[in-house]
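Values in this text are rule-based calculations from the coordinates and carry no lab data. A quick note: this is a predicted structure, and the numbers were derived from the prediction, not measured. Heads up, the Cβs are rebuilt from the backbone with ideal geometry, glycines too, and the neighbour counts pull from every protein chain shown.
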């Protein structure tokens, strides 16, 4: 009977010992965003910018970053690390004004622990629709897109929260500048 009791004590104590050795989950910062629309081109400093063949530009606004979790560290939120779920190889960029009169391209943001930073800047994700002759139409048809963020190993994670999840349809725009003028959609 004593052997069974010792074995039972070992089996019960082993998970507790292993749990102490496991790394605690890292806190997450929250990135709040809105999907604004899709388009096929824009002018930047007089140059026509177009996506690669079979790609569409999908525009998002990063509204804020909340870095309030217990144990949080200063985080870097970089515009080139975003992607659309289901399209992980697509590229994002925040350097463009998109031909908007009041364009707010997104630059890198260092967000201190214990703070919330209002961002209100745009990024575009160049989303690939292989073989589709109308990639902007495909992006509009796909509708509701979920943004994700590529984290660096051994760093704090990110939770992305869409601020306009109920909006599922967008107009098709040839020029990205027209998104800014759409009521309730692009205007900053």
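Worth pointing out:
- With the simple spin-label model, which puts each label point 7 Å out from Cα in the Cβ direction, the residue 155 to residue 80 separation comes to 1.2 nm.
- Computed extension gain for residue 44 through residue 167, at 0.36 nm per residue and net of the alpha carbon distance, reaches 41.5 nm.
- Estimated FRET transfer efficiency (residue 117, residue 70; beta-carbon r; R0 22 Å; 0.05): 0.75
- Theoretical FRET efficiency, 1/(1+(r/R0)^6), r = Cβ-Cβ of residue 95 and residue 63, R0 22 Å, to 0.05: 0.70
- Segment 122-188 and segment 56-78: distance between their alpha carbon centers, rounded to Å: 16
- Cα-only radius of gyration and Dmax that characterise segment 25-181, units Å: 15.6, 48
- Packing here is the average count of other Cβ atoms within 10 Å per residue, and on that basis the peptides 122-134, 33-45, 102-114, highest first, run 33-45, 122-134, 102-114.
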